[in-house]
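Just below is one structure, and these are the notes that go with it.
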Amino acid sequence: MAEKFTLIGSGLAGGLLAAFLGRRGYEVDLFERRADPRAGNFVGGRSINLALSTRGIHALTQLGLADQVLQHAIPMRGRLIHERDGALHFAPYDRDPAKYINSIGRASLNTVVIEAAQRYPSVRVQFNHRCTDVELETATAQVVNTETEATRQCRGDAVIGVDGAFSAVRQSMQRKIDRFEYDESYLAHGYKELTIPPGSKGEWQMEKEALHIWPRKSFMMIALPNPDGSFTCTLFWQFKGPSSFESVRCDEDVKRFFNTEFPDAVPLMPALLQEFRENPTGSLVTIRCAPWCYKDKVALLGDAAHAVVPFYGQGMNAAFEDCVVLDQCLAQFPDERGRAFTEYFSRRKENADALARLAVDNFIEMRDKTASRTFRAKKKIDHALEAFLPGVYLPLYTMVTFTRIPYADAARRARRQDYTLYSLLGLAILLILLLFGRLFGFN
Ligand SMILES: Cc1cc2nc3c(=O)[nH]c(=O)nc-3n(C[C@H](O)[C@H](O)[C@H](O)COP(=O)(O)OP(=O)(O)OC[C@H]3O[C@@H](n4cnc5c(N)ncnc54)[C@H](O)[C@@H]3O)c2cc1C
C-alpha cells in the first residue's frame, strides 16, 4: 500500500509539495483552513504579488508548470529608483538582460499549484479544515471543519506542516519535542499594501518592467506591476516613533507624509486615503527553529520551518526549493522516510539561516543604499567584474536570484569576493601612494 502523507496548509508550498508527492504515487490528504481560492474568496493576508526567480522556476519546471505560471508573469528587469524630487534611476538586476525577476499574482500561482496537485488521483484537497494539533508518535493530525465545527483525527504515515509562519504543526512540535529550538524576531517595521490602478486606457502608469523603489533611508515604498495594468505598492515603515504608522492619526497626516516622501506616486493613487485607513498593517517576522522533523512522522516545510522577511524576494522561492530537496531525499531513501526527513533538514537548515540573514541585510540595502551614487557605482563595478572574470566573480544578488547555488555557499562566496576585492583595492591605493611618494620625493 502507498504511504500516506497528511499535509497541513495549501498555500504556495503546500500545493506544490502535494503535486511532488502525488507524482511519486504517495497518498496525500491536504487540509487548508481557508476556503477554496478558486471560489474567488482568496484572502492572502500577504502580498498580492511576488517576485518569482530561478529557484522557484526550477521547482515549477520539475512538474511542468513553469510555462503556465510565467505566461501571466511580468518581467522586472531592474530596480527603478524614485528620488524625492521625481528623478528616476534604473539599475538592471544583471548585466545579462535575459536575467530578470518575474512579478506574479499570489492567487493565480496558488490556483496553479493546487490544480497541479489535484491532477494526481492520489491527492485529496480539503478546504475549510483547520489543524489544531498533531499527535507526533502516531502522525495523527486533529482537524476541525470550520463550517460544521466537527473534529476529525486524520492518521497517516507522516504529517507535513506547510502551514506558514504561525504553523500549528510546528507549535505541536514545540510543545512535545524536548529541547526544540525556536526563535522568532520581528522587525520594528510593518508593511501596508496600496494600489496604483491602471490608467484610463488600462495602461501601466509607470514603467511596467521594473521593480519600483522609493528609498527613504529608514523606510521605503516599493511597487510591483500586475497583469491588469495596476501596481501593488508596499510601504515598509516603522510601527512606532515620530515618523511611523503610529504617528499618522488622520487623513491629513497621511496626505502630508505621502506628499513629502512620494510626491510622484500620489497623483497615481486615487484611493490612497481609503486604502491606508482600511488595509491592514502586517508585521515582518523571521522564524528559525530546529529540528524540522520528528522521526519518520512529522516534517516542516516553507515558512513553517523558516519564515524570512521579504526583502530578497526569496521566501516562496526558498519554500519551492525545499519541495525539490524533500522530493530528492524521498527518492534517495525510498524505504527510510525518517532518514529522508533528516537528510532534507540537514541540506536545508544552513541555507535557510543564511537566507534569513541576507534578507534582513537587503532591507538596509533597498531602503537606504539604493538611493546613493556609490551603490549604483558598486553595481556597475559588480557587473564589469562579472564580465571580466566570467565564472570567477558573481555578484551576491546574481547568485541568490539567478542561480541555484545554495544560499549559504552564495553568502560565503560573496564575503570571500568582497575580501579579495577590497584587499586588492587597498593594495592598489598603497602602491599608488608609494609611487607618488617616490616621484615627488616624499619620505
Ligand atoms: C509582504 C510580503 C512580500 C513577499 N514577497 C515575496 C516575493 O516577492 N518573493 C518570494 O519568494 N517570497 C515573498 N514573500 C514570502 C512568501 O509569501 C512566503 O515565503 C510564502 O508564502 C511561503 O509559502 P508557504 O506555503 O510556506 O506559506 P503560506 O503561503 O503562508 O501558506 C500557508 C497556508 O497554510 C494555511 N494554514 C495556516 N495554518 C493552518 C492550519 N492550522 N490548518 C490548516 N491550514 C493552515 C494558510 O491558510 C495558508 O494557506 C513575501 C512575504 C510577504 C509578507
- Message: Checking the a/c ratio against 1.5 first, then a/b against b/c, what shape does the Cα gyration tensor give for the range 158-199?
- Response: oblate
- Item | Phi to ³J(HN,Hα) by Karplus 6.51 cos²θ - 1.76 cosθ + 1.60 over the range 219-232, Hz, x for Gly, Pro | 8, 6, 10, 10, 9, 10, x, 10, x, 7, x, 8, 10, 9
- Task: For the range 230-361, with all protein chains present and a 1.4 Å probe, just round the carbon and sulfur fraction of the accessible area to a whole percent.
- Result: 51
- Note on the structure: Extend 7 Å from the Cα of F239 along its Cα-to-C-beta direction; within the range 161-198, residues with backbone N under 19 Å of that point are 165-167, 183-193
- Please state the charge dipole magnitude for the chain, taken about the Cα centre, from unit charges on C-beta atoms (+1 on K and R, -1 on D and E), reported in debye and rounded to the nearest 20. 1000
- Between the range 179-239 and the range 280-342, the alpha-carbon center distance in angstrom: 25
- If the chain between K378 and R357 were fully stretched, how many nm would it gain, using 0.36 nm times the residue separation less the Cα-Cα distance? 5.5 nm
- Message: Using only DSSP helix segments of four residues or longer, with each worth -39500 (n - 2.57), what per-residue ellipticity at 222 nm results for the chain after dividing by its residue count and rounding to 500?
- Response: -12500 deg cm²/dmol
- Item | Nonlocal amide H pairs with A35, under 5 Å, H built at 1.01 Å | N128
- Message: Can you give me the long-range amide H partners of D133? Hydrogens built in the peptide plane at 1.01 Å from N, cutoff under 5 Å, separation of 5 or more residues or another chain.
- Response: Q142
- Item | Residue among C329, A271, L433 farthest towards the positive dipole end of the chain, charges placed on Cβ | L433
- Task: Would you mind getting the accessible area per residue of the range 240-329, heavy atoms of the protein chains only, 1.4 Å probe, in Å²?
- Result: 38
- Message: Just the number please: accessible area per residue for the range 369-443, 1.4 Å probe, all protein chains included, in Å².
- Response: 69
- Amide H contacts under 5 Å for I101, placed H, 5+ residues apart: M76
- Hey, can you find the accessible area per residue of the range 1-89 for me, probe 1.4 Å, expressed in square angstrom? 40
- Just check the range 277-424 against the gyration tensor rule for me: Cα atoms, a ≥ b ≥ c as the square roots of the eigenvalues, rounded for a/c under 1.5, and otherwise prolate or oblate depending on whether a/b exceeds b/c. oblate
- Item | Cβ-based charge dipole, the chain, positive-most Cα from V308, V123, A377 | A377
- Item | Proximal lysines to K378, defined as alpha-carbon separation beneath 28 angstrom and excluding residues fewer than eight positions away on the same chain | K99, K208, K217, K369
- Using label points projected 7 Å from each Cα along Cα→Cβ, tell me how many nm separate A387 and D368, to one decimal. 3.1
- Distance in nm between label sites at T151 and E275, each 7 Å beyond Cα in the beta-carbon direction? 4.2
- Message: Give me the percent relative contact order of the chain, please, defined on Cα pairs under 8 angstrom at least 6 residues apart.
- Response: 18
- Note on the structure: Heavy-atom accessible area of the range 121-211 with neighbours in place, 1.4 angstrom probe: carbon+sulfur share in percent works out to 46
- Item | Length gained when the stretch E135-T420 is fully extended (0.36 nm per residue, less Cα-Cα span) | 97.4 nm
- How far apart, in nm, are the 7 Å Cα→Cβ label points at I177 and R413? 3.0
- Item | Estimated vicinal HN-Hα couplings, Hz - the range 207-218 in sequence order (Karplus 6.51, -1.76, 1.60; Gly, Pro = x) | 3, 6, 9, 8, 9, 7, 10, 10, x, 10, 6, 8
- For all pairs of alpha-carbon atoms in the chain, what percent lies in each bin of width 20 Å, listed from the first bin to the last filled one? 24, 53, 21, 3, 0
- Item | Only Lys, Arg (+1) and Asp, Glu (-1) charged, at Cβ; the range 204-252 dipole about Cα centre in debye | 260
- By the Cα gyration tensor axes a ≥ b ≥ c (a/c under 1.5 gives rounded; else a/b larger than b/c gives prolate, otherwise oblate), the shape of the range 208-274 is prolate
- Message: With θ taken as phi - 60° and the coefficients 6.51, -1.76 and 1.60, list the Karplus ³J(HN,Hα) couplings across the range 311-326 in order, rounded to whole Hz; mark glycine and proline as x.
- Response: 7, 9, x, 10, x, 5, 4, 5, 5, 5, 5, 3, 4, 5, 5, 4
- Item | Net charge dipole size for the range 3-106 [Lys, Arg +1 and Asp, Glu -1 on Cβ; Debye, nearest 20] | 100
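The values are calculated or read from the model by the stated rules, or taken from the named source; none is laboratory data. Predicted model only: the values in this text are computed from it and were never measured. Glycine also receives a Cβ, built like all others from the backbone with ideal geometry; neighbour counts cover every protein chain displayed. Areas reflect the complete protein model, heavy atoms only, side chains present, ligands, DNA and RNA absent. Shrake-Rupley method; radii C 1.70, N 1.55, O 1.52, S 1.80 Å.
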